[in-house]
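What follows is a set of notes on a single structure, which appears directly below.
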Amino acid sequence: MKVFISHSTKDMNIVNEFVNILRLKGIEAYMAVSDVQPGTDLWTKIESNIRSSNCVLAVLTQDGSRSEMVNQEIATANAFKIPVVPIVEKGVRLKGVLSGREYIEFDKDSPNQAYINANNYLEKLRLQIENQKFVRNLVLFGLGLWLLSEYNK
């Protein structure tokens with residue numbers, strides 16, 4: 001499972017904790033800031049990685065919620081029907097495409113519960129993805145057996 005982490009670069013201490021927790025769980029955590037590709041068009045790289053992710057974890061602190069890039073990443077994920085998991089600092093209001101959506105609230109001074117809640121949700125999402133892959137593979141296997149039996153008639 002791959003998670004794109006949308007965040008302000010001013011929030012690296014919070015974001016790094018999320019990354020560490022996700023990686024301990026075997027989840028690939030992608031941050032554009034850690035994927036330096038000199039000469040590459042930045043937005044092409046970001047869009048490609050959003051599209052190849054199972055979800056976007058949007059860290060919305062005061063800085064993150066005002067970031068043009070963060071808001072553009074959220075809108076892109078929404079356009080491609082990639083689930084967005086908002087992690088929202090106390091006092092920050094959701095706006096735009098996230099307005100009215102459920103979110104995980106966190107306190108910058110004590111973010112541990114947010115880490116736990118995000119981890120629990122992403123674990124559920126990973127199980128759903130694995131179950132969908134299993135069912136799809138089972139259907140394809142059954143279809144393959146049926147085609148083989150039809151071919152051998």
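General remarks:
- Taking every residue in the stretch 57-76 that is in contact (Cβ under 8 Å) with a residue 60 or more places away in the chain and among the hydrophobic types (A, V, I, L, M, F, W, C) and pairing it with any residue that is surrounded by 24 or more Cβ atoms within 10 Å (Cβ to Cβ) and not in a strand (DSSP E or B), at least 6 positions away or on another chain, the pairs with Cβ-Cβ distances below 7 Å are Leu57/Phe18; Val70/His7; Val70/Gly64.
- Which numbered condition Lys153 fails, given (1) surrounded by 12 or more Cβ atoms within 10 Å (Cβ to Cβ); (2) assigned to a loop (DSSP other than H, G, I, E, B): (1)
- Single match in Glu28, Glu73 (criterion: of a type in the set (Asp, Glu), at negative phi and at pLDDT 95 or above): Glu73
- Tally of residues being touching a residue at least 40 places away in the same chain (Cβ under 8 Å) and acidic (Asp, Glu) across the stretch 89-129: 1
- Residues in the stretch 20-31 that are within 15 Å of Asn119 (Cα to Cα) and either in contact (Cβ under 8 Å) with a residue 40 or more places away in the chain or surrounded by fewer than 20 Cβ atoms within 10 Å (Cβ to Cβ) (or both): Asn20, Ile21, Leu22, Arg23, Leu24, Lys25, Gly26, Ile27, Glu28.
- When each of Ser34, Ser110 is tested for being of a type in the set (Gly, Ala, Ser), surrounded by fewer than 19 Cβ atoms within 10 Å (Cβ to Cβ) and either touching a Gly at 6+ places or on another chain (Cβ under 6 Å) or closer than 18 Å to Thr9 by Cα (or both), the lone residue that passes is Ser34.
- Of all residues in the stretch 61-75, none satisfies being within 18 Å of Arg126 (Cβ to Cβ), in contact with a helix residue (DSSP H, G or I) (Cβ under 7 Å, 6 or more places away or on another chain) and crowded, with 16+ Cβ neighbours inside 10 Å.
The values are calculated or read from the model by the stated rules, or taken from the named source; none is laboratory data. A quick note: this is a predicted structure, and the numbers were derived from the prediction, not measured. For neighbour counting, all protein chains shown are included, and Cβ atoms are generated from backbone atoms with ideal geometry for every residue, glycine included.
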